[in-house]
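Working notes, beginning with the structure itself.
The values are calculated or read from the model by the stated rules, or taken from the named source; none is laboratory data. The structure displayed is predicted, hence computed values, not measured ones. Cβ atoms come from the backbone with ideal geometry, glycine included; neighbour counts cover every protein chain shown. Please note that ligands, DNA and RNA were not included when accessible areas were found on the heavy atoms of the full protein model with its side chains. Shrake-Rupley method; radii C 1.70, N 1.55, O 1.52, S 1.80 Å.
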Amino acid sequence: MSRIESMTTSPTRTDAPTRREQILKEAARLFAERGFHGVGVDEIGAAVGISGPGLYRHFPGKDAMLAELLVGISERLLDGGRLRVAEAGGDPRALLGSLIDGHIDFALDDRPLITLHDRELDRLRDEDRKRVRQLQRQYVELWVAVVRELHPQAGEPEARAAVHAVFGLLNSTPHLGAPLGRAEMERLLRNLAHGALGALAA
């Protein structure tokens with residue numbers, strides 16, 4: 001069994017959107033736009049059409065929302081990566097392309113969460129912050145495994161550096177002043193990712 005095949009585990013989440021998820025989406029947007037401390041519970045409630053106090057039926061407070069947002073997206077990325085490993089059937093080239101496409105979707109669809117991670121991660125409780133870091137390490141290992149499968153001449157440090165370079169490129173989407181259309185952005189990000197990883201073949 002290859003290094004890649006040995007990492008196959010659970011599928012991604014497929015739950016339909018709920019009021020709780022609507023609250024989280026609006027909280028992410030508002031936190032990203034104005035900062036965690038610049039947004040009140042009443043404002044989040046107004047964004048989803050309920051009273052501020054009504055939010056407490058879903059979350060004990062803003063800290064819990066932030067934790068669920070950052071832990072939740074880390075779980076989704078890892079679960080999605082693991083599912084892509086399973087679907088690739090041991091083909092490292094197909095798997096790498098699938099991982100890149102999945103992360104591009106995240107980078108384009110969840111920009112507020114990238115901003116939140118960059119600005120607000122240190123506001124999480126130690127337990128939640130450690131959980132985020134643990135999930136992120138496991139997600140990185142999926143990528144490092146497939147990169148080393150494709151580029152066996154590259155050492156582990158080089159593969160890891162290339163993976164982090166790809167994440168840096170793809171996660172830069174919140175900072176684009178005048179983003180292109182969706183198809184153009186996908187094409188640009190895909191080319192950048194493959195370019196960064198292609199340097200390992202040199």
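The residues of the stretch 95-202 expose on average 50 square angstrom of accessible surface per residue, using a 1.4 Å probe on protein heavy atoms.
This model, with +1 at the C-beta of Lys and Arg and -1 at the C-beta of Asp and Glu, gives the stretch 67-202 a dipole about its Cα centre of some 160 debye. Restricting the calculation to Cα atoms, the stretch 92-142 yields a radius of gyration followed by a Dmax of 13.1, 39 Å.
Compared with the rule-of-thumb size 2.2 N^0.38 Å for a compact globular protein, the stretch 12-104 has a Cα radius of gyration ratio of 1.36. Taking the Cα atoms only, what angle lies between the long axis of helix 182-198 and the longest principal axis of the chain, rounded to 10 degrees? The angle comes out at about 50 degrees. Going 7 Å from the Cα of Ser172 toward and past its Cβ, which residues in the stretch 85-113 have a backbone nitrogen under 20 Å from where you end up? Under cut-off, by backbone N: 100-113.
Projecting the Cα atoms of Ile23, Phe36, Gln138 onto the charge dipole of the chain (Cβ charges, centred on the Cα centre) puts Phe36 farthest toward the positive pole. Helix 156-170 and the longest principal axis of the Cα set of the chain meet at an angle near 50°. The largest-to-smallest principal axis extents of the Cα set in the stretch 64-168 are 42, 26, 21 Å. Across the stretch 120-202, counting alpha-carbon atoms alone, Rg and Dmax equal 15.2, 43 Å. Taking the chain as the reference, fit the longest principal axis to its C-alpha atoms, fit the long axis of helix 19-34 to the helix C-alpha atoms, and give the angle between the two in degrees, 0 to 90, nearest 10. Roughly 80 degrees, rounded to the nearest 10. Each residue, Asp91 and Asp63, gets one label point 7 Å from its Cα in the Cβ direction; the gap between the two is 4.9 nm. A Förster radius of 45 Å, combined with the Cβ-Cβ distance separating His37 from Arg182, puts the computed FRET efficiency at roughly 0.85.
Can you pull a Stokes-Einstein diffusion coefficient for the chain at 25 °C (0.890 mPa s), Rh from Kirkwood over Cα pairs, as a whole number of µm²/s? So the translational diffusion coefficient is about 135 µm²/s. In this simple spin-label model, placing a label point 7 Å from the Cα along the Cα-to-Cβ direction at both Asp126 and Leu108 gives a separation of 4.2 nm. Per-residue accessible area (protein heavy atoms, 1.4 Å probe) orders Phe167, Phe31 as Phe167, Phe31, starting from the largest.
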